[in-house]
Amino acid sequence: MERKIEHVKQRASLRDIAAETGVSIATVSRVLNDHVNVAPRTRDLVLQAVERRRQETPARLRTVYVRCPYVLTDYFGLIVSSIAETVKLHGLRLLLDAGESGQHSDALKALPREADVDAAILILPPEEGDELVELSRSGLPFVVVDPRVLPLPDIASVSAAHSSGARAVADHLIALGHRDIAVIAGPEEWLAGDARLSGHRAALAEAGVLLTPDRLRHVEPTVAHGARAAAELLDLEPRPTAIVCFNDKVAVGTLQAARDRGLRVPDDLSVAGFDDIDLAEATTPRLTTVRQPLQEMGRIAVTQLMRVLDGHRPEALHIELATTLVVRDSTAAL
């Protein structure tokens, strides 16, 4: 149906140019398809009419659909704001679809049929990998920011270097003398959760420490889930001397659990997070954490998308941006 409508539009344009120039529709078509059997004067006449129409018709702004099926907190909000600013700089229009209700929609399946969408940026998409592959096969250009599943062939993605960031914070605790380090990791099916846990394990193994199952919890990355997991860990005997958390929100929950038990941070327990959102500096004590380049992730996603829209291949399909360890007050020597 869409092809038929587009064909009708093309026929209407050909008819208008033919009426303006006084030649047949077939002649206009031959000129536009660069056929040789057209008189030079007629060709010039038609091309001039086409150029006049191009200048008179305002160009449609290319539209980038941005899907973030989460609440726009300081984490996702920073990414989306950066994308919005960069999209505007490139003269594109942004169509934002945000909110947790989007996790249960068929937005990706319907996306290729959206006539006014030219490209898409998907932030931590909850869909399985095969659904992303199907979208890629539709021909719609898109970039994934912070992918939840392993990077897929021919699908551009931008993320932080989760494993090296996690390793840096574990190395920091080990250098402070900690060996009994517990980990509150993210969901097992998340790429970031798996990568960060691998980084923690690698640092501990190098120090001759095995992360045992009783020192590990997998949680949804919220304050409440972090508090519950930390409570379990802090009630163990012996109690861990340090806890590294999947993100800063989980770390805030851990601070609450420690406070509920009369433990002082960092005197009795060292706590570290990940992300370096604003919350990390608002806690008491201020959180040691790993800074993700969230705004840079948004900017690079748009840059990658622009290359595809302009007819080029992305500079790299899978980009990992470096993280930075930020040492504050919630960690101390044992």
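The values are calculated or read from the model by the stated rules, or taken from the named source; none is laboratory data. In this text, all values refer to a predicted model and were calculated from it rather than measured experimentally. Cβ sites come from the backbone with ideal geometry, for glycine too, and all protein chains shown count toward neighbours. In case anyone asks, the SASA skips ligands and DNA or RNA and just uses the protein heavy atoms, side chains included. Shrake-Rupley method; radii C 1.70, N 1.55, O 1.52, S 1.80 Å.
What the table shows:
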{"read-out": "Unique match (being more than 16 Å from V145 (Cβ to Cβ), within 29 Å of the chain's Cα centre (by Cα), modelled with pLDDT of 90 or more and open to solvent by 40 Å² or more (accessible area, probe 1.4 Å)) among L78, L61, L89", "value": "L89"}
{"read-out": "Residue in the stretch 279-334 that is farthest from F246 (Cα to Cα), counting only those that are without any contact (Cβ under 8 Å) to a residue 12 or more places away in the chain and not in a loop (DSSP other than H, G, I, E, B)", "value": "R307"}
{"read-out": "Those residues of the stretch 244-264 which are buried (at least 22 other Cβ atoms within 10 Å of the Cβ) and farther than 16 Å from E220 by Cα, in sequence order", "value": "L255, A257, A258"}
{"read-out": "Meets criteria (under 26 Å from A119 (Cβ atoms) and either out of contact with any strand residue (DSSP E or B) (no Cβ under 6 Å at 6 or more places or on another chain) or crowded, with 16+ Cβ neighbours inside 10 Å (or both)) for L45", "value": "no"}
{"read-out": "Only one of A166, A119 that is touching a Lys or Arg at 6+ places or on another chain (Cβ under 9 Å) and closer than 23 Å to V223 by Cα", "value": "A166"}
{"read-out": "Matching residues in the stretch 281-334 - criterion: being open to solvent by 20 Å² or more (accessible area, probe 1.4 Å), under 30 Å from A175 (Cα atoms) and touching a His at 6+ places or on another chain (Cβ under 9 Å)", "value": "E320, T323, L325, V327, A333, L334"}
{"read-out": "Residue list for the stretch 111-131, filter: modelled with pLDDT of 90 or more and under 22 Å from V71 (Cα atoms)", "value": "A120, I121, L122, I123, L124, P125"}
{"read-out": "The stretch 209-226, residues that are open to solvent by less than 70 Å² (accessible area, probe 1.4 Å), at pLDDT 95 or above and in contact with a Phe, Trp or Tyr (Cβ under 9 Å, 6 or more places away or on another chain)", "value": "V219, G226"}
